[in-house]
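Quick notes on the structure that follows.
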Amino acid sequence: MVRVRPVSAAPRPTVTAAAWALALALTLVAVALPAPAAACRCRRPKLLGSYFGARITSVVIATPQRVVSDDGGRRTYGLLGGPYPTNTTVYKGCPQKLERFSVYGPGNSCQTTFALGVPVLLFIRDDRFVGPCDYTVPASELTAGDVAFLARRAGCANATPRPGYGGGGRYPTT
């Protein structure tokens, strides 16, 4: 009887320290990279939904004057110190010293940008943030229905009149 001997496999190559270091480096890079950004998803915003939103403390038409800061994740616009008219009309709340507001900046899928010098309807939270899913539009794009709704709400409702703030919803930002 003949015995079959197993054929020995070819010798394995040894894994060098450099190969292990490369594998470890690739793994660390894959873990350290940010996850792909998901697209910002919002329902089509409506004026009423934004106006009566639980987190909205102020609704105004204001004119962004300049970009105050842009740190990648957040962009802050100033409402003072620019060459454009600074008159602000209040439709909800009575914001104290409204000088700036922030939005998501570059590097965020929900980034929002505003043209400087163009009056825009802003839905502002108590931290002076304007969210990407609110009905934030240039004032020139408001519909007749939007204007009628807002006109009935102009002014600082339920607020004690303050000297120099004129009434009629006008809130000087100087």
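The values are calculated or read from the model by the stated rules, or taken from the named source; none is laboratory data. Computed from a predicted structure; not experimentally measured. In this analysis, Cβ positions are derived from the backbone assuming ideal geometry, glycine residues included, and neighbour counts consider all displayed protein chains.
Filter region 44-68 for residues that are closer than 19 Å to Y84 by Cβ and either under 16 Å from the mean Cα position of the chain (by Cα) or among the charged types (D, E, K, R) (or both); which is surrounded by the most Cβ atoms within 10 Å (Cβ to Cβ)?
First, the residues of region 44-68 that are closer than 19 Å to Y84 by Cβ: 60-68.
Cutting the leftovers down to either under 16 Å from the mean Cα position of the chain (by Cα) or among the charged types (D, E, K, R) (or both) gives us 64, 66-68.
Numbers: P64: 23, R66: 16, V67: 14, V68: 17.
Among them, the one singled out is P64.
Within region 96-113, track down each residue that is in contact with a Phe, Trp or Tyr (Cβ under 8 Å, 6 or more places away or on another chain), modelled with pLDDT of 85 or more and either among the small types (G, A, S) or part of a loop (DSSP other than H, G, I, E, B) (or both).
Of everything in region 96-113, those that are in contact with a Phe, Trp or Tyr (Cβ under 8 Å, 6 or more places away or on another chain), modelled with pLDDT of 85 or more and either among the small types (G, A, S) or part of a loop (DSSP other than H, G, I, E, B) (or both) turn out to be L98, S102.
Hey, among the residues in region 51-61 that are part of a loop (DSSP other than H, G, I, E, B) and in contact (Cβ under 8 Å) with a residue 60 or more places away in the chain, which one's farthest from A151 (Cα to Cα)?
Per the stated criteria, the residue is R55.
Go through region 127-147 and count every residue that is part of a loop (DSSP other than H, G, I, E, B) and polar (S, T, N, Q).
The number of residues fulfilling the criteria is 2.
Filter region 103-118 down to the residues that are crowded, with 19+ Cβ neighbours inside 10 Å and not aromatic (F, W, Y), then identify the one that is farthest from L150 (Cα to Cα).
It comes out as G105.
If we scan region 134-150, do we find a residue that is β-branched (V, I, T), at pLDDT below 95 and surrounded by 18 or more Cβ atoms within 10 Å (Cβ to Cβ)?
We begin by selecting, within region 134-150, every residue β-branched (V, I, T); these are 136-137, 143, 147.
Those left that are additionally at pLDDT below 95: 136-137.
This time we only want the ones that are surrounded by 18 or more Cβ atoms within 10 Å (Cβ to Cβ), so: 136.
Checking region 134-150: at least one residue is β-branched (V, I, T), at pLDDT below 95 and surrounded by 18 or more Cβ atoms within 10 Å (Cβ to Cβ).
I'd like to know if region 69-79 contains one or more residues that are modelled with pLDDT of 85 or more, of a type outside the set (D, E, K, R), in contact with a Leu (Cβ under 9 Å, 6 or more places away or on another chain) and surrounded by 10 or more Cβ atoms within 10 Å (Cβ to Cβ).
yes
Hey, can you tell me all the residues within region 62-87 that are within 16 Å of V103 (Cα to Cα) and either of a type in the set (S, T, Y) or outside any loop (DSSP other than H, G, I, E, B) (or both)?
Of everything in region 62-87, those that are within 16 Å of V103 (Cα to Cα) and either of a type in the set (S, T, Y) or outside any loop (DSSP other than H, G, I, E, B) (or both) turn out to be A62, T63, R66, V67, V68, S69, D70, R74, R75, T76, Y77, G78.
More than 24 Å from V147 (Cα to Cα) and without any contact (Cβ under 8 Å) to a residue 40 or more places away in the chain - does that describe any residue in region 41-50?
From region 41-50, those more than 24 Å from V147 (Cα to Cα) are 41; that's our starting set.
Those still in the list that are without any contact (Cβ under 8 Å) to a residue 40 or more places away in the chain too: 41.
The answer is yes, given that some residue of region 41-50 is more than 24 Å from V147 (Cα to Cα) and without any contact (Cβ under 8 Å) to a residue 40 or more places away in the chain.
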